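The values are calculated or read from the model by the stated rules, or taken from the named source; none is laboratory data. Bear in mind the structure is a predicted one, so any value in this text is a computation, not a measurement. Every residue, glycine as well, gets a Cβ built from its backbone with ideal geometry; the counts of neighbours run over all protein chains shown.
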Amino acid sequence: MKSAVIVFPGSNCDRDLKVAIELVTGHAPEMVWHKESELPAGIGLIAIPGGFSYGDYLRSGAMAARSPVMRAVSEAAGRGVPVLGICNGFQVLTEAGLLPGALMRNAGLSFVSRPVALTVENAQSLFTARYRQGEAISIPVAHHDGNYQADGETLDRLEGEGRVAFRYSESVNGSARQIAGIINDAGNVLGMMPHPERAMEPAHGNEDGRRLFEGLLEAVA
Amino acid sequence: MKARVFVTLKPGVLDPQGKAIHHALEGLGFGGVQDVRAGKLIELDLADGTSDDEIADMCRKLLANTVIENFRIERLENA
């Protein structure tokens, strides 16, 4: 299966994401620079990595969301191509309007970098089929702006439609309802602050992230 | 022509930075500060004749995230 990792100036988890995808699929994803206006033909998965695209200027993800490649990403997402945004990638997806809400400065103002306990809130999605409903997992976070906020109506809708994929089991950054990751209404776009690509093999100390890629690739293969 | 765009968090949106500034002011002994909200000021140098609508469009499309922020435009006609 063909996949692409989008690379912005300031992305810094793009290579980790490439390694994770290659580990699970056996095929290296194409690394697509933000100035490209088209994605490789026949793409089956788009991944938007963590980092500090454009130095987090203006707002985290704001500049990246307006870069040429994101028009192609939006168009592909509209056709149902799965899009996975991790950390800064989640911020880019909200700024691009592909996911609702916004990610604000952590309530404690500190950069948080540690493994966090998560609950799988929806194990039926394209991205979470390899987890059990309500399963407790641990995946590292590393962010300054992970405080997910949306109006009450949006939050209720996300909860009601099973679009909260992951929830923090403890307060990590002040996120509304401790939301760690959400899915779009069509079910093919996931944004999450924790880094599953950093929990792939025993040397990482934990493999809870690996099943996200395995489940996703099984679903799209 | 110049314009200033003030971007502020919507009322009710928690402002951790404003809160930290508030605490710091209190720490310096400034009493009587009820609340602090931090925002951004963006100065634009524009072609003459740029309309308010165009500037508002810039705000909606990039300068402000209207999910969480409001914006206010101030034109400086003689600048």
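Structure summary
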quantity	calculated
All positions within segment A:138-156 that are without any contact (Cβ under 8 Å) to a residue 24 or more places away in the chain and away from every other protein chain (no Cβ under 14 Å)	A:Asp156
Among the residues listed as B:Val5, B:Val33, the single one being under 30 Å from A:Leu155 (Cα atoms), in contact with a helix residue (DSSP H, G or I) (Cβ under 6 Å, 6 or more places away or on another chain) and of a type in the set (A, V, I, L, M, F, W, C)	B:Val5
Number of positions in segment A:98-136 that are more than 10 Å from every other protein chain (Cβ to nearest Cβ), basic (Lys, Arg) and in a loop (DSSP other than H, G, I, E, B)	2
Segment A:51-62: number of residues that are within 9 Å of another protein chain (Cβ to nearest Cβ) and in contact (Cβ under 8 Å) with a residue 24 or more places away in the chain	2
Members of segment B:16-46 that are assigned to a loop (DSSP other than H, G, I, E, B) and more than 14 Å from every other protein chain (Cβ to nearest Cβ)	B:Leu28, B:Gly29, B:Phe30, B:Gly31, B:Gly32, B:Val33, B:Gln34, B:Asp35, B:Leu46
Count of residues meeting criterion [assigned to a loop (DSSP other than H, G, I, E, B) and buried (at least 16 other Cβ atoms within 10 Å of the Cβ)] in segment B:47-79	4
Identity of the residue in segment A:1-29, over 18 Å from the mean Cα position of the chain (by Cα) and without any contact (Cβ under 8 Å) to a residue 40 or more places away in the chain, that ends up nearest to A:Ala203 (Cα to Cα)	A:Gly26
Segment A:160-182: number of residues that are among the polar types (S, T, N, Q), away from every other protein chain (no Cβ under 14 Å) and farther than 13 Å from A:Pro194 by Cβ	0
Subset tally (residues that are in contact (Cβ under 8 Å) with a residue 60 or more places away in the chain, of a type in the set (Gly, Ala, Ser) and more than 18 Å from B:Asn65 (Cα to Cα)) for segment A:63-93	3
Failed criterion for A:Met31 (all others in (1) in a strand (DSSP E or B); (2) buried (at least 17 other Cβ atoms within 10 Å of the Cβ) hold)	(2)
Residues being surrounded by fewer than 18 Cβ atoms within 10 Å (Cβ to Cβ) and in contact with an Asp or Glu (Cβ under 6 Å, 6 or more places away or on another chain) - total across segment A:74-116	0
Residues (assigned to a loop (DSSP other than H, G, I, E, B) and either among the acidic types (Asp, Glu) or within 13 Å of chain B (Cβ to nearest Cβ) (or both)) located in segment A:66-97	A:Arg66, A:Ser67, A:Ala96, A:Gly97
The lone exception for B:Ile55 - which of (1) within 14 Å of chain A (Cβ to nearest Cβ); (2) modelled with pLDDT of 95 or more it fails	(1)
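Yes/no per residue for (1) over 21 Å from A:Asn88 (Cβ atoms); (2) in a loop (DSSP other than H, G, I, E, B):
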| residue | (1), (2) |
| --- | --- |
| A:Glu159 | yes, no |
| A:Arg177 | yes, no |
| A:Gly181 | no, no |
| A:Glu197 | no, no |
| A:Met200 | no, yes |
| A:Ala203 | yes, no |
| A:Glu218 | yes, no |
